[in-house]
Every structure is written in structure tokens, then in C-alpha cells.
Amino acid sequence: RKAAYTVHFDADELVRKCVRELDKHLKVPALQYTIQRGEQRDDATVEQLQSGTGFDLAETETVSHRASVHSAVRYDLIGKICEHTDLTRKTAARILTSINVAVFAQYKSNPEGFIAEASRLINEQKATVIVEHLSYDPIQGVHDVGIFTQEKPTGSFSKAFKANRHIYDYVFTDSKTERTFVEELDTGAEVVVYAKLPRGFGIPTPVGTYNPDWAIAFDHNKVRHVYFVAETKGSMSSMELREIEQRKIDCARKFFAQITSSQVKYDVVDSYGKLMSVVK
């Protein structure tokens, strides 16, 4: 089932948290440019000159630009912050006008960097505030099986895993952890069929769309749950998961608890052994 979320939170609390976080951690790198010096080779051809390969590099220098940026580019700072954080202009303005003057001054030397880093820190604080006040409600529409064929694999089949129990003959994994996990899934006696979930299967959250990794169907005579949606992570420590990613997982737990049937379970695991300890 597809769903929409509703979240209520105290704007004053969010502003306080964001101001404190920005004052403490907002560090915008200075703009840098690279100067390369060299000489044209005597035997350089026209083709080499056109491609830039007809020179011998002698020296590379990286220079930081710390002065105020003077350009014709005009930025809607509040608008950009709102675009990246889904906050109202009023709330974004309250945050920006409350931070330390020296912190805000970094905007002059690197506007793009300031917007990106400030938005990231605000989103992290927003994520910590909203999850406990989040609820999901079903809407019209479901995810159709067609989502599995809408996205064509882009990896090489020579590096894909030749599977027996996946919905397709090959599985394209993104990491060593996923590769090990799928090898164990494919040989697990309890597993009937499994699928690597496409990006088209997403759960809406206030901090961005969340995409679980796997859908797994088990033999119901051997395990308690027939269907299981899992997220695989190389590290199970919440300290090693980025704040936004951890909050997306928290939102997914609420989604599956409130929207799906009792047969559909969700959890985060780092191995097949951990998966089986959860579902049995």
C-alpha cells in the first residue's frame, strides 16, 4: 500500500536546535582553484593539443580564495534553504537571522557551500525532532509488480550474481556486504523467493524518500513470517549510520507497523544469520 505521512512538531524547538547546531558545526570550506603550469611538447600533434595531452605538466598549485565573492549571481538564500529542507520561509528566516554573525559571514565567501552545508545540518536536526511525532495513513494506490521491470540494470552481467531464488536470473549488488548477503539468501533453506527492491519502491519520509533493499518470502512452515522487507547495513551501530539515514529507518519502522499487514515485517540486518534470528 502507498501512504502519506503527517507530522506535527514544535517550530520553536526546531529553531533552537538548528541555531545551536549551525553555530557549533557550520564550517564552509573556502573556494579553491587549481593552477597547472607546463610546457608544450615539441612533437605534439594537432589532435593532442586539442585534447590537452600535448603538454608536459611541471607544477600544480592549489589556491584558496577567502575574500568575499563578487559576482553577478544573485541567490535566494531563504528560498534555497526551504527547497532543500521543506521548511517554511518564516522558519528558515528565523534560523538564519538567529545564528552567530561570524557563522553567517561564511555565506559571502562560498554561497553554494553555505547553502549545502546549512541545509544538511538543518535536515539532521529536523530528523531528530519529527520522528516521534510522525504518523502514516494509507492512500489510494499500491505498488504494482511493474516497478521491477521499469529500471534496467546498468552493471556488467559478468559481475552480477547468478541466482536461483531471485525473481530474476541475476542480482546486481552494490557492496561486498550485499554480495555476501545475497549468496546466503540464495542458498537459505527457508527462503522461497526474494527480490532486490528497485528505487521505484520508496517510502515517503520528511527527510527524503527511503528505499529498503530486499523483499523476501519464506516457507511459512519453517519461519513465522511469510514476507519480510529488509535493509542491509555493513554496520549495525547507530553511531556509524548517518543521522538522516538512521531517521529514514525509524520512519520506515513506523510505516510498516502502521500500513502493512501482520505478515509483512521490516528490520535492519547486517547478515543472513541476523535476519533469521529476527524472523524465526
task: Determine which residues of segment 1-43 fall in the zone a paramagnetic label at residue 98 would reach in this model, i.e. backbone nitrogen under 12 Å from the point 7 Å along Cα→Cβ.
output: 10-23
field: Cα centroid of segment 193-210 to Cα centroid of segment 112-151, whole Å
entry: 10
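Using the Kirkwood radius over Cα pairs, work out the Stokes-Einstein diffusion coefficient for segment 47-189 at 10 °C and 1.306 mPa s, in µm²/s as a whole number. Don't skip to the answer; put the middle values down first.
On the way: Rh = 21.7 Å.
D, rounded to a whole number, is 73 µm²/s.
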- prompt: Measuring with a 1.4 Å probe in the full set of protein chains, what accessible area per residue, in whole Å², belongs to segment 164-209?
  reply: 50
- request: May I ask you to work out the translational diffusion coefficient for segment 174-280 at 37 °C, viscosity 0.692 mPa s, via Stokes-Einstein with Rh from the Kirkwood sum over Cα pairs, reported in whole µm²/s?
  value: 230
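So what is the calculated 222 nm ellipticity per residue for the chain, using -39500 (n - 2.57) for each DSSP H run with n of 4 or more, over all residues, to the nearest 500 deg cm²/dmol? Kindly include the intermediate steps, with their values, before the conclusion.
Values: 11 runs with 109 residues, N = 280.
Computed ellipticity for the chain at 222 nm equals -11500 deg cm²/dmol.
Kindly state, to the nearest 0.05, the FRET efficiency for residue 76 paired with residue 145, given R0 = 35 Å and r defined as their beta-carbon distance. The partial results should precede the final answer.
On the way: r = 42 Å, r/R0 = 1.21.
It comes out at approximately 0.25.
Could you work out the mean projected area of the convex hull around the alpha carbons of segment 1-109, in square nanometres to one decimal? Each step should come with its number before you reach the end.
Details: hull surface 54.2 nm².
Projected area, direction-averaged: 13.5 nm².
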field: Length added when fully stretched, residue 105-residue 36, from 0.36 nm per residue minus Cα-Cα
entry: 21.8 nm
task: Using label points projected 7 Å from each Cα along Cα→Cβ, tell me how many nm separate residue 8 and residue 43, to one decimal.
output: 7.9
- request: Please report the relative contact order for segment 12-62, taking Cα pairs under 8 Å with a sequence separation of at least 6, and give it as a percent rounded to a whole number.
  value: 38
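Nearest 5 is fine: what % of DSSP beta bridges in segment 10-104 come out antiparallel, could you say? Mind dumping the intermediate values first?
Values: 10 of 10 bridges.
Taking every DSSP beta bridge within segment 10-104, about 100 percent pair in antiparallel fashion.
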message: Considering the Cα positions of the chain, please state its Rg to one decimal place and its Dmax as a whole number of Å.
response: 24.8, 77
- prompt: Using a probe of 1.4 angstrom, how much of the accessible area of segment 30-140 is carbon and sulfur, in percent?
  reply: 49
Förster radius 30 Å - calculated FRET efficiency between residue 183 and residue 221, Cβ distance, rounded to 0.05: 0.80
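Express the carbon and sulfur contribution to the solvent-accessible surface of segment 241-280 as a percent, rounded to the nearest whole number, probe 1.4 angstrom. Please list the in-between numbers first.
On the way: 830 of 1840 Å².
It is 45 percent, rounded to a whole number.
The values are calculated or read from the model by the stated rules, or taken from the named source; none is laboratory data. Treat the numbers as computed from the prediction; the structure is a model and nothing was measured. Because the Cβ atoms are built from the backbone with ideal geometry, glycine has one as well, and the counts that use them run over all protein chains shown. What goes into the accessible areas is simple: the full protein's heavy atoms, side chains included, and nothing from ligands, DNA or RNA. Shrake-Rupley method; radii C 1.70, N 1.55, O 1.52, S 1.80 Å.
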